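Input: a single structure, listed below in structure tokens.
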Amino acid sequence: MPFNAIFSWFIGKLQPRINNYRDFPIECQAETFQFLLENGSKTRFGKEFNIQADLTLEDFQKKVPLQDYGTLKPLIDKSIEGEENLLWPGKTSWFAKSSGTTADRIKILPITKDSLFENHYAGGKDLLAQYYTNLPNRKLYNAKHLIIGGSGELKTNEDGVFIGDLSAIIINNLPWWTELRRSPKKEIALLGNWEEKLNRMAKAVIDENICIIAGVPSWTSLLLKKVLQISEKKTILEVWPNLELYIHGGMNFAPYQFTFEKLIGGPINYVESYNSSEGYFGLQDQLNSKDLLLLTQSQAFYEFIPMSDFNGLQSKNVVGLKDVQIQEEYALVITTSSGLWRYIIGDTVRFTSTSPYRFVVSGRISHFINAFGEKLIVEHAEKAIANACAANQSSIIDFTVAPAFFENTKTGCHEWIIEFEEAPEDLENFKVLLDSELKKQNADYDAKRFESLNIDFPIVHFVPKGTFQEWLKSKGKLGGQHKVPRLMNDRTILEQILQRIS
């Protein structure tokens, strides 16, 4: 049976939809807004804040306050207990456990039937459809797709509600024609013990014909190394000669680019997506640019808070899509069919184009360093370390940064912990180059580093392989979507890791 021809035909039928929300984003957002209001008016949340189908955006913003996990948690908890029509019409049967990059806090976020099929699945299908458009005559359905999901089985409570990692929810509800090509089998993909899962997954997929890999870069690279170790091959393309696409997301890929190129051992295509427990919001629609196309017709309505005016739930300056400005930093606010209303997701974005609307995820609202007035964001740090690695033919596994404070007689500085996959030959030169690259990325840092008047030369700790993995393990966050916080304005996480290595 010509599976690939059928798959190509099916996936190609999605391109007009993609073209529509690319070319008519404001109109698509208006339709989405109307759909969300109509459904929201039927919920307890909607009745509490008088949501009506005919509200304008201005009225909606006046009636419905900005929300975060803390404000929505009481209704989420009642939904988990089986109560219906609280945040979205009907019963919410799935909840995704998400800790993001926070140190300890676990969030349990609603996943409705609407959001699962019309947002998460729709975004994934759109990404493949756009890939087929950019590179016609692909044969992706003739081979297997390696999906590196989170660790953790679904758990069902007495009310028939499923709680687990988002990837577990997605894998358990995949249509048969997708499940047919996914690898490894469910009993391995949903293992809760990441170390056991890593070994069993590598052994299970090593003899498969893999053409697509999807997963977070940090954990994907560990699996690829395990595959090479078991197979005794030098490159992944020796193991899987038909591999052509790696779909990544969840963190900036630039610091990992060198590692992947060396592991894979030849040219393949890299495509980024913006898919989180809260929703699927963006995909890379151009092969020659990493900017993400905003998904404006996937049951998600967007608002934006300029970071220059950000004040948490008390923020007053909140704009719609048509009013965003290129190169300005925004905190992302979402309203979705999962029942998240005016929810501050915690990510920051910066638009690179408004025709169409393309953006980059620049960081997290809580992950920055401004101890000395430098306003260093994650994007600056990631670009600096990626450039320093490229210049030194080195590659990282992970890093974190926090401010260091001293006695009044000594200027403070930034303190880094860096774990290398391949360390540079000259570590002292790497520190100098890292500092220089930070100055290029951040004008405030550059000004305050002048003659070390306000910020001194950085302290950098180079730690053994496995350091960050052991720290995550100690927090119960090994594998899946869990990530090490890159930048923190306090020293809690940095001190925890330094204590472990001391």
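For n ≥ 4 DSSP H runs only, could you compute -39500 (n - 2.57) per run for the chain, divide by its residues and tell me the 222 nm figure to the nearest 500? If you can, show how the numbers build up before the last one.
On the way: 19 runs with 182 residues, N = 502.
-10500 deg cm²/dmol, from helical runs alone.
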- Note on the structure: Per the rule of 0.36 nm per residue minus the C-alpha distance, extending ASP68 to GLU425 adds in nm 124.0 nm
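Considering only DSSP beta bridges with both partners in the range 233-373, what is the antiparallel share in %, to the nearest 5?
On the way: 30 of 35 bridges.
Here the share of antiparallel DSSP bridges comes out near 85 percent.
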- A student applying the Cα gyration tensor rule (rounded when a/c is under 1.5; otherwise prolate if a/b is larger than b/c, oblate if not) would label the range 196-252 oblate
- Expected unfolding gain across LYS290-LYS234 under the 0.36 nm per residue rule, minus the alpha-carbon gap, is 17.3 nm
- Task: Report the antiparallel proportion of the DSSP beta bridges in the range 371-502 as a percent, rounded to a multiple of 5.
- Result: 60 percent
- 23 Å Cα-Cα threshold exceeded, pairs from LYS97/LYS203; LYS97/LYS197; LYS139/LYS203; LYS155/LYS225: LYS97/LYS203; LYS139/LYS203; LYS155/LYS225
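For GLN325 and PHE117, what does the FRET efficiency come to when R0 = 30 Å and r is the distance between their Cβ atoms, rounded to the nearest 0.05? Don't skip to the answer; put the middle values down first.
Values: r = 34 Å, r/R0 = 1.13.
About 0.35, to the nearest 0.05.
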- Between ASN193 and ALA447, what length in nm is gained on full extension when 0.36 nm per residue of separation is reduced by their alpha carbon distance? 86.7 nm
- Looking at the square roots a ≥ b ≥ c of the eigenvalues of the Cα gyration tensor of the range 116-275, which shape do they give, rounded for a/c under 1.5, prolate if a/b is larger than b/c, or oblate? oblate
- Item | Relative contact order (percent, whole number), the chain, Cα cutoff 8 Å, 6+ residue spacing | 14 percent
- By its C-alpha gyration tensor, with a ≥ b ≥ c as the square roots of the eigenvalues, how is the range 31-109 shaped: rounded for a/c under 1.5, else prolate for a/b larger than b/c, else oblate? prolate
- With both partners inside the chain, how many of the DSSP beta bridges are antiparallel, as a percent to the nearest 5? 65 percent
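Count of lysine pairs in the range 1-72 with Cα atoms under 29 Å apart, counting only pairs 8 or more residues apart in sequence or on different chains?
On the way: LYS42/LYS62; LYS42/LYS63; LYS47/LYS62; LYS47/LYS63.
The result is 4.
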- Most exposed first by the Cβ proxy, i.e. fewest other Cβ within 10 Å, how do GLU31, GLU278, GLU425 rank? GLU425, GLU31, GLU278
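Using a Förster distance of 30 Å, how high is the FRET efficiency between GLU179 and ASN269, based on the Cβ-Cβ distance and rounded to 0.05?
0.80
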- Item | Nonlocal amide H pairs with LYS107, under 5 Å, H built at 1.01 Å | SER98, SER99
- Query: Taking the Cα centre of each part, how many Å lie between the range 296-320 and the range 152-211?
  - Reply: 35 Å
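Since every read-out is calculated from the coordinates, none of them should be taken as a lab result. Bear in mind that the values here come from a model prediction, so they are computed numbers and not experimental data. In this analysis, Cβ positions are derived from the backbone assuming ideal geometry, glycine residues included, and neighbour counts consider all displayed protein chains.
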